[in-house]
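Rule-based calculations on the coordinates, nothing more; no lab input. The structure displayed is predicted, hence computed values, not measured ones. Note that each Cβ is placed from the backbone with ideal geometry, even for glycine, and that neighbours are counted across all protein chains shown.
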């Protein structure tokens with residue numbers, strides 16, 4: 001499991017950067033504290049909601065100082081390399097997608113360990129997206145999951161895939177890798193080919 | 001208790017519809033995922049906050065797949081009948097009020113079971129209104145409880161009524177029905193006769 | 001510990017007033033319920049997030065009716081003396097800073113009791129600021145911690161100071177007083193001399 005742990009910490013690092021950059025986009029959030037706090041919330045929000053909903057105490061970032069160190073590293077990295085990061089936003093977006101895919105699968109895995117088989121699908125998705133939801137809400141914006149096409153949907157489907165393969169007794173590590181790759185590839189393809197979900201027409205006549 | 005359970009599941013269904021319709025009102029939230037997620041949050045938000053605050057694990061929707069199925073049913077119902085639902089908004093508002101009344105009383109009842117007698121009043125109200133509060137906040141709107149006259153107040157009073165009748169040892173089922181009816185009737189009358197709470201005048205001279 | 005308890009209850013009272021006044025600033029939140037609910041959230045939000053994250057059940061305000069009574073007292077005080085309070089806003093701001101300092105140190109102390117030594121720094125800060133964060137988010141505003149210079153930073157530093165002195169085995173009561181005084185003095189000086197954190201320049205060339 002040490003590879004998965006390393007990936008988890010790396011995911012925290014990358015999510016912090018994406019959160020810190022979000023703070024830097026808004027007029028009022030330029031000081032160092034705001035960047036730290038926004039990065040922190042983005043990185044630990046989803047897992048905290050998951051653990052608190054499961055009653056999985058101690059909550060992940062409370063039980064292991066390495067998560068907070070990864071947040072600090074992400075904040076410092078953002079502060080030092082901020083001009084380069086912005087130019088590299090495509091690369092960063094890739095990392096963000098990797099981070100999200102890993103968070104989702106770690107989340108669904110932990111939820112299954114708490115014996116919530118089918119509902120683990122929802123908790124996996126929440127692990128991946130809720131840090132960003134809290135970040136956007138605090139910054140007084142409509143959450144990205146509502147604005148960006150096919151952002152949460154790959155999380156939901158990848159989370160469901162892991163549960164299905166788990167019920168089919170696919171070996172855990174293989175399942176982990178397959179589900180992460182699925183989310184990652186689905187998100188990339190959706191972006192590249194502009195896939196979108198059906199829009200709903202509530203007001204006009206059909 | 002199977003009647004109350006059926007009512008609870010029906011409340012989830014109705015709350016999902018009201019949440020899904022809220023998403024459909026905003027420009028950016030038209031895709032199916034947004035409708036699902038907004039409906040889901042509206043339906044399970046209040047109970048989740050209550051259970052997590054109580055430490056009542058497993059949280060209601062985690063321990064019973066029927067809540068999620070009711071959410072799915074509500075989402076599909078909204079998608080299929082959306083044009084009719086909008087025309088029937090008065091009817092829907094009735095169902096929403098029934099759902100809210102039931103959530104409040106179920107919430108206060110569960111809180112009492114956790115031996116928080118007086119504070120159960122607050123937790124009952126939170127059960128009824130917080131799903132909507134989270135929904136509105138995510139959609140970047142001022143929560144309905146602040147905008148709509150006499151929306152949360154009937155919940156607070158009905159919650160208090162249940163606690164008082166409980167302390168007076170009124171039979172549980174009777175208390176349940178009386179308190180739900182009280183909230184429902186109070187809300188209907190408040191809407192019909194435009195009852196309002198005293199407004200506060202902070203700025204001008206008296 | 002009865003002095004600290006009294007201070008805690010007084011902090012709840014003062015935080016309620018500051019929350020209730022925030023509601024009164026916005027057009028739509030003038031009725032009595034809105035004032036109560038906003039005051040309540042401000043007063044109990046930070047401690048609730050802390051306790052739920054720690055799994056410290058029962059949550060503080062659930063286990064002791066005096067917190068709710070302090071909230072009611074704060075709401076009534078605001079309603080009766082609202083015109084004077086607004087004129088006394090400098091005085092109130094002092095009380096708010098005292099309340100915040102106490103909440104931070106009580107938060108870090110409780111977290112240490114749950115054996116989260118270093119991460120107690122974060123939880124202490126969260127105890128002090130998150131009630132206000134939730135209040136501002138519900139009122140659809142950018143949280144004060146992002147808008148006001150040096151608002152959360154003193155909390156973070158004071159929280160760290162308490163942990164350091166704790167690890168150096170400074171006597172608990174003395175540590176409590178020193179840390180509260182540090183936060184209070186730092187915040188006052190930061191306001192008086194317009195201290196600010198380095199601003200970040202993400203967009204322009206250097």
>> Using 10 Å bins from zero, what percent of all Cα-Cα pairs in region A:2-192 falls into each bin?
In response: 10, 39, 37, 13, 2, 0
> Do you know the relative contact order of region B:14-118, to the nearest whole percent, from alpha carbon pairs under 8 angstrom that are 6+ apart?
Replying inline: 31 percent
>> Looking at chain B as a GNM with Cα springs under 10 Å, which of B:130, B:13, B:37 has the largest mean-square fluctuation?
In response: B:37
> Over region A:106-206, one equal point on each Cα, no solvent: what is log10 I(q)/I(0) by the Debye formula at q = 0.12, 0.18, 0.22, 0.24 Å⁻¹?
Replying inline: -0.47, -0.90, -1.12, -1.21
> What ranking do C:31, B:64, A:51 get, fewest neighbouring Cβ atoms within 10 angstrom at the top?
Replying inline: B:64, C:31, A:51
>> Which residue fluctuates most in the GNM of chain A (Cα springs below 10 Å): A:170, A:35, A:14?
In response: A:170
>> If each DSSP helix of 4+ residues adds -39,500 (n - 2.57) and the sum is divided by the residues in the protein assembly as shown, what number results at 222 nm, nearest 500 deg cm²/dmol?
In response: -25500 deg cm²/dmol
> Which ordering of B:87, A:147 is given by a fewest-first count of other beta-carbon atoms within 10 Å?
Replying inline: B:87, A:147
>> Can you sort A:129, C:177, C:183, C:7 from fewest to most other Cβ atoms within 10 Å of each residue's own Cβ?
In response: C:177, C:7, A:129, C:183
> Put the label 7 Å from Cα along Cα→Cβ for residue A:172; what are its distances to the other copies, in nanometres, shortest first?
Replying inline: 4.0, 4.0
>> For residue B:73, place a label point 7 Å from Cα along the Cα-to-Cβ direction in every copy; what are the distances to the other copies, in nm, shortest first?
In response: 4.9, 4.9
> How many angstrom separate the Cα center of region B:47-86 from the Cα center of region A:90-131?
Replying inline: 20 Å
>> If I build a Gaussian network model for chain A, linking alpha-carbon pairs within less than 10 angstrom, which residue out of A:88, A:178, A:161 has the largest mean-square fluctuation?
In response: A:88
> Which percent of Cα-Cα pairs in the protein assembly as shown sits in each 10 Å bin, short to long?
Replying inline: 3, 16, 27, 27, 18, 7, 1, 0
> Within 10 Å of each Cβ of B:140-150, how many other protein chain Cβ atoms are there on average?
Replying inline: 5
>> Taking a point 7 Å out from Cα toward Cβ as the label site, list the nm distances between residue A:141 and the same residue in every other copy, smallest first.
In response: 2.2, 2.2
